[in-house]
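Here is the structure we will look at, set down as structure tokens.
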Amino acid sequence: MPGSVRLRDSDILQRITVRQAEEKRLYGAICAAPAVVLVPWGLHRRKKITCHPSFIGDLPAFRAVESNVQVSGELTTSRGPGTTFQFALSFVEQLFGLRAAEDMDKILMAQTHDGLERSAEVNELEWSCGRNPDVLIPIANGCEELEIIILVDILRRAKINVVLASVEKYPAVLGSQRMKIVADKSIMSASDSIYDLIILPGGPAGAEQLHRSRILKKLLKQQMQAGRMYGGVCSALKVLQQEGLLEDKTVTAHHAVASELTCQVIDQPNVVIDGNLITGKGLGTVVDFALAIIRKFFGHGRAKAVANGIVFEYPKS
């Protein structure tokens, strides 16, 4: 919100979506949109439908369900940002079959069932800084845009000051899936400030570009020498290793990266925190990664509140 209201008020979008439904082609909505957009358009009729818990009361009671994803004929609905992977994989299954969805789920590592260890911590260190932390996320062409978006979104929900800094010549970078992301500033401009945490997003091509930045490498070494926090996801761990920032550290890593690391790698957890270092396996574990950062800075209560707001399953304690 208010994005769903603006979608609802678009006559062109309404015509497109109504035609889609009338021609029995797939369509869907997530979070507030099922209640705010589909119901006024009448596209919920004779369908089971779900939405964000804050809007469930706006759905017809006899049609509303509380499942994370609800498929009802051509319509698929879901509950919130924390169920987006399930929502997207549902469309993969409908379009390409169950096997394709299962294969994609394994690639993304998006599983959140109880059998998985979400995070682990060794050499516990207090991260609290007595104020809203400042976090730097350097970005480059080829970085995983979804990792960037998830990190920025969830950390800002917790009132963390997040700065996106481009290591390229221009503020806009092109992610691994060809999505354009515009940075807040250049890495040169960002280097004038001190950050409580620096996080490197993954993506093989993006990691290579990040490693070419002399300014970023200098910032990372200064961060480590000052005892401040730093970390990375997936391919970014190779950058940290090349700069000597993983020496004597314990990490978790994507299986494609783990074999190239010389430090101790533990496979099971999605996220590993070792003192002032935090590492994450990959794209599908970034929500856990972001929530672990919030927990370290503010405590479990703040992390749980953010998780509840995005409808993401999070441990009670």
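Miscellaneous remarks
- For the pair Lys24 and Ile149, the difference between a 0.36 nm per residue extended length and the Cα-Cα distance amounts to 41.8 nm.
- Counting only protein heavy atoms and a 1.4 Å probe, the chain has 48 square angstrom of accessible area per residue.
- Couplings for the stretch 235-244, taken from phi via the Karplus curve 6.51 cos²θ - 1.76 cosθ + 1.60 with θ = phi - 60°, read 5, 4, 5, 5, 5, 4, 5, 4, 9, x Hz in order; Gly and Pro are left as x.
- Ordering of 277-290, 212-225, 41-54 by burial proxy (mean other Cβ atoms within 10 Å per residue, highest first): 277-290, 41-54, 212-225
- For the pair Ala258 and Glu66 in one chain, pulling the backbone fully straight at 0.36 nm per residue adds 65.3 nm over the alpha carbon distance.
- Between Tyr170 and Ala226, the simple label model (points 7 Å from Cα in the Cβ direction) yields a spacing of 3.1 nm.
- Applying 1/(1 + (r/R0)^6) with r as the Cβ-Cβ distance of Ala305 and Ile194 and R0 = 35 angstrom yields a FRET efficiency of 0.80.
- DSSP bridge pairs, the chain: antiparallel proportion in percent, nearest 5: 30 percent
- The chain, helix-only ellipticity at 222 nm - DSSP H runs n ≥ 4, -39,500 (n - 2.57), divided by all residues, nearest 500: -10000 deg cm²/dmol
- Within the stretch 266-309: backbone nitrogen closer than 13 Å to the Asp248 label point (7 Å, Cα to C-beta): 275-276
- If you take the Cα centroid of the stretch 159-173 and the Cα centroid of the stretch 91-112, the two points sit 31 Å apart.
- Given R0 = 30 Å, the distance between the Cβ atoms of Ile107 and Ile215 translates into a calculated FRET efficiency of 0.35.
- Nearest-0.05 FRET efficiency for Ala120 and Phe96, computed from C-beta distance (R0 22 Å): 0.05
The values are calculated or read from the model by the stated rules, or taken from the named source; none is laboratory data. These figures come from a predicted structure and were not determined experimentally. Please note: Cβ atoms are built from the backbone with ideal geometry, for glycine as well, and neighbour counts cover all protein chains shown. With ligands, DNA and RNA removed, areas are computed over all heavy atoms of the protein, side chains included. Shrake-Rupley method; radii C 1.70, N 1.55, O 1.52, S 1.80 Å.
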